[in-house]
Amino acid sequence: MRDRNPFWQLLLARMREFYRQPEVVFWVFGFPILLAVGLGIAFREKAQEVIAVGIVRGAGSAAAAAALSAKDSFTTKLIEAASAEDALRLGKVSIVVESGATLTLRFDPTRPESVLARAKVDDALQRAAGRADPLKVEEQLVTRPGARYIDFLIPGLLGMNIMSGGLWGIGFVIVEMRSRKLLKRLVATPMKRTHFMAASMASRMVLVIGELALLLFFGWLVFGMIVQGSWLLVTLLSLLGAFTFAGIGLLVASRAKKIETVSGLMNLVMLPMFVTSGVFFSSERFPEVVQPIVRALPLTALNDALRAVILEGADLTSQLTRIAILGAWGVVSFVLALKLFRWT
Amino acid sequence: MPPSAILVRDLKKTYDAKPPVEAVRGLDLEVQRGECFGLLGPNGAGKTTTVEILEGILTATSGTVEIFGKTWVSDEKALRESIGVSLQETKFADKLTVLETIRLFGSFYARGRPAAEVLAEVGLEEKAAALVSNLSGGQHQRLAVAVALVGDPELLFLDEPTTGLDPQSRRQLWDIIRSLRERGRTIVLTTHYMDEAERLCDRVAVVDHGKVIALGSPQELIRSLGGDHVVEFALRGVDKARDLAPFRALPSVRGARPEGEAIQLTVTEPHVTIPALLDHVRASGAELSQLSTRQASLEDVFVSLTGRHLRDA
């Protein structure tokens with residue numbers, strides 16, 4: 001009887017078209033995993049950050065090198081005064097030390113590792129010169145799952161994937177069908193338009209569940225990441241995100257006749273959110289003045305809510321504002337899209 | 001008496017553009033049940049616009065359209081169930097198979113036919129499991145016809161079904177269309193191939209600049225030229241700007257017109273005209289460089305009506 005069910009047949013067609021295109025499967029499932037692996041390795045926790053120090057050859061340089069080399073946290077390099085500037089500029093060393101009557105420390109205050117190097121080098125050399133610390137310090141080292149970059153990253157990748165999946169999987173696919181005159185052919189049949197829209201939406205829901213399961217399972221398997229909050233809530237948030245970005249995808253695709261047009265529009269929609277909505281780094285980094293705008297973006301709401309639930313174990317009631325923002329984007333886009341949509 | 005399959009009165013369609021494009025400018029049509037009706041005309045004549053209005057895909061600027069006595073405004077749902085459509089240049093989803101595509105479209109109809117039955121009707125059984133992307137142009141076109149048939153339509157629209165196909169694929173499609181007609185389906189076919197219209201259609205409307213300029217069976221239209229035959233000849237050493245009057249005066253000639261370097265005569269009896277033509281040429285001191293005769297075609301009808309050829313109009 002499923003042969004005769006138009007919704008089922010439309011959904012089946014969408015799913016078949018998806019899994020029969022390996023390149024599309026890769027972008028949806030493989031790419032986020034590769035990103036997580038790549039960034040996870042690049043930003044992995046090092047036991048201790050090793051600081052590259054350039055020491056200008058001259059009087060006292062050997063003593064300075066010896067004092068720093070005694071500690072694990074430095075690698076030292078003797079360089080000529082002429083090349084010191086370049087070594088610092090190109091990032092080969094984080095700081096340049098020139099010992100003399102006064103100790104000269106050259107560093108770049110805009111680079112975090114350079115600032116850290118200044119403090120550590122100063123500290124090490126002062127102690128080697130015999131400084132005594134008036135306060136006694138006891139260090140407690142804390143690194144646990146939930147506070148690492150990868151923990152921050154994976155919910156962001158999930159949000160990003162839900163966004164691009166919605167825009168590509170709905171927007172691009174529909175414009176392609178329009179350019180092939182397939183939409184026109186469909187409206188020449190008794191097909192119910194709501195069936196078509198519902199099947200497109202359902203195909204995204206199915207894929208989002210897959211994306212969610214894959215990313216979180218991968219995070220747990222490789223990085224030992226754990227979901228602090230409710231799985232159900234994470235799933236519901238993802239489905240809401242899928243709905244919202246499918247609506248935005250539909251809106252973007254409502255009139256465009258050419259693939260080129262819709263690709264441009266999709267980038268216009270996605271790029272600002274890639275940058276500002278806290279996929280790879282926290283959206284808190286943007287100035288306070290633009291925060292209201294950043295927080296009103298659907299991807300920011302989705303990412304922040306996902307992080308709150310996955311990393312902090314937040315419950316539903318604490319996320320209602322974000323859910324409202326996300327849902328509003330979806331509903332408004334959907335209503336607008338249905339008004340503007342052209343089948344021919 | 002049941003209403004006609006299609007009744008069109010003073011149909012007009014103007015596209016918003018700068019300047020506005022008048023694609024259809026007052027077109028009248030009546031298609032009877034069970035006939036194969038051809039819309040013949042050059043590219044840009046307004047055939048596709050007309051057909052898409054009949055199919056309820058486009059809305060007319062003005063005029064009335066009735067399909068089986070119903071209108072798209074009041075009876076869209078019933079009409080959708082009763083027509084089948086093959087659009088010009090639809091590309092079905094590459095990654096679905098032939099069978100899946102037909103089944104998908106079949107699911108939209110209240111009384112959709114089994115996919116296998118429709119496949120057999122267009123001779124695509126062997127390709128049932130093939131992806132659409134692996135079909136040839138002719139096979140894709142036959143799939144389009146199969147998809148048009150899957151709802152068991154009373155009325156079938158085929159827009160340029162053979163455009164761009166090789167001769168063998170065209171003949172296969174002609175066979176399919178003929179067998180559909182024999183089974184009593186009403187078919188509206190648009191084409192800019194005159195031979196296609198001659199072979200398949202019971203009646204033809206010749207369309208040019210958004211209007212019907214001639215209507216009738218292919219035989220009637222050809223007969224309207226005055227003669228069934230065309231004699232074409234060229235003369236050596238004669239100025240191009242020549243007088244056609246002496247040729248019109250030859251026995252059994254019904255019309256004369258220049259055709260490139262040559263002259264075409266429409267004649268009723270070539271065996272009477274040709275000896276007289278030879279005598280005339282000899283007497284005028286000219287020399288024939290070419291002489292041929294053939295059956296008159298719809299192409300000649302179009303040329304005599306518009307002064308242009310279908311292919312370059």
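Some observations on this one:
- Between the helical axis of B:270-283 and the longest alpha-carbon principal axis of chain B there is an angle of about 40 degrees.
- Eligible lysines near A:Lys136 by straight Cα distance, threshold 19 Å, same-chain separation 8 or greater: A:Lys120
- Each Lys and Arg Cβ is given +1 and each Asp and Glu Cβ -1; about its Cα centre, chain B then shows a dipole of about 220 debye.
- Of the residues A:Leu326, A:Ile154, A:Ala128, the one whose Cα sits farthest toward the positive end of the charge dipole of chain A, with +1 on the Cβ of Lys and Arg and -1 on the Cβ of Asp and Glu, is A:Leu326.
- Theoretical ellipticity at 222 nm over chain B - DSSP helices of four or more residues, -39500 (n - 2.57) apiece, nearest 500: -9500 deg cm²/dmol
- R0 of 56 Å, Cβ-Cβ distance B:Ser224-A:Leu336: FRET efficiency to nearest 0.05: 0.50
- The stretch between A:Leu268 and A:Thr102, if pulled fully straight at 0.36 nm per residue, gains 54.4 nm over its current Cα-Cα span.
- Listed cross-link partners A:Lys258/B:Lys211; B:Lys91/B:Lys127; B:Lys18/B:Lys211; A:Lys184/A:Lys339 are compared with a 25 Å cut-off, the Cα-Cα value being larger for A:Lys258/B:Lys211.
- Pair-distance profile P(r), taking every C-alpha pair of region A:181-313, with 10 angstrom steps and integer %: 10, 32, 33, 18, 6, 0
- Anisotropy class of region A:11-149 from Cα gyration tensor, a/c 1.5 cut: prolate
- The angle separating the long axis of helix A:6-19 from the principal Cα axis of greatest extent in chain A is about 30 degrees.
- Look at A:Glu23, B:Glu30 and count the other Cβ atoms within 10 Å of each Cβ; fewest to most, that gives A:Glu23, B:Glu30.
- Total charge dipole magnitude, region A:127-224, about the Cα centre, Cβ charges on Lys, Arg, Asp, Glu only, Debye to nearest 20: 760 debye
- Nearest-ten-degree value, helix B:72-82 long axis tilted from longest Cα axis of chain B: 80 degrees
- Remark: relative contact order (chain A) = 19 percent; criterion is Cα-Cα distance under 8 angstrom and separation of 6 or more residues.
- Label-to-label distance, nm, for residues given as A:Lys136 and A:Lys77 (7 Å Cα→Cβ offset): 4.1 nm
- Cβ-derived FRET efficiency at R0 25 Å, A:Val115 paired with A:Ser69, nearest 0.05: 0.70
- Here the Kirkwood formula, the inverse mean of 1/r across different C-alpha pairs, assigns the protein assembly as shown a hydrodynamic radius of 31.3 Å.
- Fewest-first sequence of B:Arg113, B:Arg282 by Cβ atoms within 10 Å of each Cβ: B:Arg282, B:Arg113
- DSSP-assigned coil residues among trypsin sites (Lys or Arg not before Pro) in region B:92-192, each with at most 11 further Cβ atoms within 10 Å: B:Arg111, B:Arg183
- Extension gain for the segment A:Val222 to A:Ile293, taken as residue separation times 0.36 nm less the Cα-Cα distance, is 22.0 nm to one decimal.
- Residue among B:Leu40, B:Leu79, B:Leu149 with the largest mean-square fluctuation in a Gaussian network model of chain B, springs linking Cα atoms under 10 Å: B:Leu79
- Shape index of chain B: Rg/Rh, with Rg the Cα radius of gyration and Rh the Kirkwood radius from the inverse mean 1/r over Cα pairs, equals 1.06.
- Fully extending the segment from B:Glu259 to B:Ala234, taken as 0.36 nm per residue of separation minus the present Cα-Cα distance, adds 8.1 nm.
- Simple spin-label estimate for B:Arg282 and A:Arg285 in nanometres, 7 Å along Cα-Cβ: 10.0 nm
- Ranked A:Trp27, A:Trp168, criterion: other C-beta atoms within 10 Å, fewest first: A:Trp27, A:Trp168
- Normalised by the number of residues in region B:6-217, the mean separation of alpha-carbon contacts (under 8 Å, six or more apart) gives a relative contact order of 31 percent.
Bear in mind that the values in this text are calculations on the coordinates, not laboratory data. Not measured: the values here are computed from a predicted model. No Cβ is skipped: glycine too gets one built from the backbone with ideal geometry, and neighbour counts run over all protein chains shown.
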